[in-house]
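Throughout, read-outs are computed from the coordinates displayed, never taken from laboratory work. The shown structure was predicted, so the numbers you read here are calculated from the model rather than taken from an experiment. Cβ placement follows ideal geometry from the backbone for every residue including glycine, while neighbour counts extend to all protein chains displayed.
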């Protein structure tokens, strides 16, 4: 446990991932320092897509409302060629229920602004023009060498260090960890105003003789993100280049203003083989870089940050054993590998010259079938959602998951549809509970088990929120119609253990206090009596 006033974690990088790590540590009372070699906050839009699972994470962090207020909701995907709309897909979230059944387009710079403001309110400013030059791990400490704005050196010694410093990560280089993978093609990305009648509730894929262009609506009316997969060169000609090709695909004249930002970049698909080295961790682009084709980069990085931060905070505060940190690498390296597979597939399909596994003469037939056959269209929609939304992610094979049967199985997230939340008092209470930074032990105790449950609540008060779903137990959670218990598959005498990120770790029968205590210890949790901390009511 860190001493008062001592920085427990140095976070290198103040993009969305580093800010997420710092925010989640700071709101749990962990002393954190954030540095970035840039002169100040970014001003260009960069990533824009925030998919449904990331919106759930923002809710748990307590920043959702501020981010949604800055965004634009998108729920469709359209394909155009030669003045015809070939395909228009919607969203089918029935098999992946969420309270946020849409993608929120909000510029990365705005997400960073919200997180910086929240972090500053927690007493943690970002230190700009402060770059990491080297690090050295010695026992239970990391010695870092920083270059300050005035050119002098600072050499802090910290227990833990997180590298969230992007694709050219200094932390990764210092740790001797390599990004392994491939580089494929060059794309052009630009932000510009478009004067034309283009529906803003959809992404638009435009097929032209030169290749494909993706149009993504930005929050400001009239502004769009333009992704040219042929890598058009020459900024001076970009407006005319985009305007001609967009008009051709839509079959209507549009005018593209001079881009406010444009960048040509090499699409890379690379990742690390580990995200932890001793007392140092990697997160976000420092660990995996990939094609932006499905808009998952910022989302995956934010989820890296949350996964790491709650585990690191529990260990630092003495609420869990250090073995808990091994599960970060075990869970998130595999997620990075899945991300690369899905973005590579999306890149192959969208990019010019793609080797689509359907003969070209049959493409019109296939598209017509998808458009007209409802079950086929919904199947395609569900497949896209599973790949992009993050809702299908489970930790079923994680060492932090104890397999068991049930309506919601260990490794799955706890979630409901927006309509379910509106109608169910129990789900309303549980969704609010998910914003608590602690674990949640949700139990349905009979009268004979209430004393045991109260004892567990006493032992683990700092780390675990113990909620009962029947009157008489500790901190009862309302469920007057029993909907919550039915949906979670909980009967009298059962419990569900939910991680701080909203995934189920385990479920089973309560038994006595010692049995529940043993279950919690299997997830590396420690009673407050084992940490030397004072018990709280």
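Which order, highest average first, do 383-390, 257-264 follow once you tally other Cβ atoms within 10 Å for each residue and take the mean per peptide? Walk me through the intermediate numbers first.
On the way: 383-390: 19.5, 257-264: 14.8.
Per-residue Cβ counts within 10 Å, averaged per peptide and sorted highest first, yield 383-390, 257-264.
Calculate the FRET efficiency for residue 392 and residue 70 from the Cβ-Cβ distance with a Förster distance of 30 Å, rounded to the nearest 0.05. The pair residue 392/residue 70 has a calculated efficiency of 0.65. Angle of helix 374-388 to the longest C-alpha principal axis of the chain, folded into 0 to 90 degrees and rounded to 10: 70°.
What FRET efficiency do you get for residue 7 and residue 522 if R0 is 22 Å and r is their Cβ-Cβ distance, rounded to the nearest 0.05? Present the calculation step by step, with values, prior to reporting the outcome.
Values: r = 32 Å, r/R0 = 1.44.
With R0 = 22 Å, the Cβ-Cβ based efficiency is 0.10.
Return one number: the angle in degrees, 0 to 90 and rounded to the nearest 10, between the long axis of the Cα atoms of helix 297-316 and the longest principal axis of the Cα atoms of the chain. On a 0 to 90 degree scale, this one is about 10.
Take every Cα pair under 8 Å whose residues are at least 6 apart in sequence, average their separation, divide by the length of the chain, and the relative contact order is 16 percent. In a fully extended conformation the segment linking residue 145 and residue 244 would gain 30.5 nm over its present Cα-Cα distance, using 0.36 nm per residue.
I'd like to compare 115-124, 7-16: which one has the highest average count of other Cβ atoms within 10 Å, and what's the full order after that?
With the highest mean Cβ count within 10 Å placed first, the list reads 7-16, 115-124.
Sorting 340, 55 from the fewest to the most surrounding beta carbons within 10 angstrom yields 340, 55.
According to the Kirkwood relation over distinct C-alpha pairs, the hydrodynamic radius of the stretch 1-152 is 17.9 Å. Spin-label point model (7 Å from Cα, Cβ direction): what's the residue 210 to residue 38 distance in nm? Distance between label points: 3.0 nm. Over the chain, dividing the summed -39,500 (n - 2.57) contributions of all DSSP H runs of at least 4 residues by the number of residues returns a 222 nm mean residue ellipticity of -10000 deg cm²/dmol.
Over the stretch 418-531, the fraction of Cα-Cα pairs per 10 Å bin, rounded to whole percents and listed from the shortest bin up, is 15, 50, 30, 5, 0. Starting from a Cα-only point model with no solvent, please compute log10 I(q)/I(0) by Debye for the chain at q = 0.12 1/Å. One equal scatterer on each Cα of the chain leads to -1.17.
Report the per residue volume, in Å³, of the convex hull enclosing the C-alpha atoms of the stretch 120-195.
On the way: hull volume 15.0 nm³, N = 76.
For the stretch 120-195, the hull spanned by Cα atoms encloses 198 Å³ per residue.
R0 = 41 Å: FRET efficiency of residue 512 with residue 260, Cβ-based, nearest 0.05? Each step should come with its number before you reach the end.
Details: r = 64 Å, r/R0 = 1.57.
Using R0 = 41 Å, I get an efficiency of 0.05.
What do you get for the angle between helix 326-350 and the principal long axis of the chain? Use alpha-carbon atoms, 0 to 90 degrees, nearest ten. Taking Cα atoms only, the helix is inclined about 20 degrees.
Counting only C-alpha contacts under 8 Å and six or more residues apart, can you give the relative contact order of the stretch 418-531 as a whole percent? Can you show the working numbers first?
On the way: 185 pairs, mean separation 33.6, N = 114.
Worked out over the stretch 418-531, it gives 29 percent.
Most simply put, the chain has about 70% antiparallel DSSP beta bridges, counting only bridges with both residues inside it.
Highest mean packing comes first when the peptides 307-315, 320-328, 173-181, 145-153 are listed by Cβ atoms within 10 Å, giving 307-315, 320-328, 173-181, 145-153.
Sorting 44, 420, 98, 300 from the fewest to the most surrounding beta carbons within 10 angstrom yields 44, 420, 98, 300.
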